[in-house]
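None of the figures in this text is laboratory data; all of them are computed from the coordinates on show. Since we're looking at a predicted model, the values are computed, not measured. Here Cβ is always computed from backbone atoms with ideal geometry, including for glycine, and neighbour counts include all displayed protein chains.
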Amino acid sequence: MEIKQLKVGKFILPSNVLMAPLAGYTCYPFRILCQEMGAGLCFTEMVSANALKYKDKATSRLLFTTDDEHRKAVQLLGGDPAVMQKIACSEELSQFGLIDINMGCPVPNVLKSGEGSALLKDLKRAGNIIRLCKKSGKAVSVKCRVGVESSHRIAAEFAKMCEDAGADMISIHGRTRSMMYTGTPLYDQIAEAKAVVDIPVIANGGIFSVAEADKMMQETGADGVMIGRYGLEHPYIFSELTGKPVTKSRYEILIQQLTLTEAYYDESFTLEYIRKLASYLMRKQPGTKQYKQKLYQCGSIEELKGLLYEAFEVVPGKGDL
Ligand SMILES: Cc1cc2nc3c(=O)[nH]c(=O)nc-3n(C[C@H](O)[C@H](O)[C@H](O)COP(=O)(O)O)c2cc1C
């Protein structure tokens, strides 16, 4: 795919390869990693505007960042335009230059509250949310799906609505809400959306190789791609696509992630996050199956460090990219 800079509001993204927001994974350390690997932008996981309104501590932790993170982007989940405006303009979000609005989450409880992909069926409210979030003066983007079910495919209409309401970028997961996370993305839907707007359109869904990123770009004509699960399994994809040189082995990545997480989060968060990330990084790595099972038996960070060393470094070849 052609790598280029992208202008999103006041931001100039160094590449058009983005890391998707992933609940439970795209915490500050992981975003730093993706940035180093060449991702043009990384988002926090979805952060509930309502939970922030009620000052929920665990939710505020999701906003943690430092000056080492360039181009800070937060993803907000919410269905009430007034609450979204209040949070978008709040002091808590002052560090973030870009707000991404989640209009694609398929989880039943989220849907019931009129948030996430429920907004795909309420364009008026979705537009109001975008307009009111823009009052923050920050760049605003939207992440959505192509529709709710196979009889409801509205990517072009939805993208136009986002642009008219003031969105600076739209990322489209090429699946409907009922497809959840499987099935071939509906490339034609993303292509139709791209054809009707001038703001950057980012195509997401099912990219698990360089070839699939190329295919996504060819089929949709999008301005860039967004990588989700494959970014966890193979963060090198960002460097492979952008050409940014990277020399870190999987072991070095995990140690960097552990060190950063330990420095800024508590032990239980660190243990949980590193176990989950290591498990992804071990996928398809020969000889690591036994260690994957043991990961969840590690009760302390020291034990976890020992296991990672054994799994990736002791056996020759394990540290290979
Ligand atoms: C574990 C997990 C967590 C996710 N969390 C979020 C989220 O917080 N916000 C969001 O907009 N999408 C979320 N998604 C959807 C992804 O951002 C992405 O759209 C989806 O996984 C499709 O991309 P992929 O096929 O490259 O993984 C999540 C997906 C997964 C698998």
For this session: Count neighbours as other Cβ atoms within 10 Å of each site's Cβ, and list the trypsin sites (Lys or Arg not before Pro) in the stretch 35-136 that are DSSP loop with at most 15 such neighbours.
Result: LYS55, LYS135
Problem set entry | Sum of side-chain charges, ALA155 neighbourhood, beta-carbon under 14 Å (Lys, Arg +1; Asp, Glu -1) | +2
For this session: Rounded to the nearest 500, what is the 222 nm mean residue ellipticity of the chain from helices alone, with -39500 (n - 2.57) per DSSP H run of 4+ residues and division by all residues?
Result: -12000 deg cm²/dmol
For this session: Beyond 30 Å between alpha-carbons counts as too far, so tell me which of LYS86/LYS276; LYS135/LYS160; LYS7/LYS112; LYS4/LYS57 fall in that bin.
Result: LYS86/LYS276; LYS7/LYS112; LYS4/LYS57
For this session: Using per-residue counts of other Cβ atoms within 10 Å, averaged over each peptide, order 13-23, 192-202, 160-170 from highest down.
Result: 13-23, 160-170, 192-202
For this session: Only Cα pairs under 8 Å and at least 6 apart count here; give the relative contact order of the stretch 79-224 as a rounded whole percent.
Result: 20
Exercise. Taking amide hydrogens as modeled 1.01 Å from N in the peptide plane, which residues meet the under 5 Å criterion relative to SER141, leaving out close sequence neighbours?
Worked result: ILE99, ASP100, ILE101, ASP168
For this session: Convert each backbone phi in the stretch 4-16 into a coupling constant with the Karplus relation 6.51 cos²θ - 1.76 cosθ + 1.60 (shift: θ = phi - 60°), then list the ³J(HN,Hα) values in order as whole Hz, x for Gly and Pro.
Result: 8, 6, 10, 9, 10, x, 8, 7, 10, 7, x, 8, 9
Seminar exercise, completed: Once amide hydrogens are built 1.01 Å from N within the peptide plane, the residues lying 5 or more places from MET226 or on another chain with amide H under 5 Å from its amide H are LEU18, ALA203, ASN204, GLY205
For this session: Scan around THR44 for amide H atoms under 5 Å from its own, H built in the peptide plane at 1.01 Å from N, and keep only partners 5 or more places away or cross-chain.
Result: ALA73, VAL74, GLN75
For this session: Could you work out, for the stretch 6-242, what percent of all Cα-Cα pairs fall into each 10 Å distance bin, beginning at 0 Å and stopping at the bin that holds the largest distance?
Result: 8, 37, 40, 15, 0
For this session: For the chain, build the charge dipole from Cβ charges (+1 Lys, Arg; -1 Asp, Glu) around the Cα centre, then report which of ALA213, GLY174, TYR309 sits farthest towards its positive end.
Result: GLY174
Seminar exercise, completed: Normalised Cα Rg of the stretch 250-314, dividing by 2.2 N^0.38 Å with N its residue count, works out at 1.00
Seminar exercise, completed: SER94 and THR66 label points (each 7 Å along its Cα→Cβ direction) are spaced in nm at 2.0
Exercise. For the stretch 1-74, what is the Kirkwood hydrodynamic radius in Å, using each pair of distinct C-alpha atoms?
Worked result: 13.1
Exercise. Can you list the HN-Hα couplings for the stretch 295-304, worked out from phi with the Karplus curve (6.51, -1.76, 1.60; θ = phi - 60°), rounded to whole Hz and with x for Gly and Pro?
Worked result: 3, 7, 8, 5, x, 9, 5, 4, 4, 4
Exercise. If you take the Cα atoms of the stretch 107-260, find Rg, then find the Kirkwood Rh from the mean of 1/r over all pairs, what is Rg/Rh?
Worked result: 1.01
Seminar exercise, completed: For the stretch 248-263, Karplus-derived ³J(HN,Hα) couplings (6.51, -1.76, 1.60; θ = phi - 60°; whole Hz; x for glycine and proline) come out as 5, 7, 4, 4, 5, 4, 5, 5, 4, 5, 5, 4, 5, 5, 4, 5
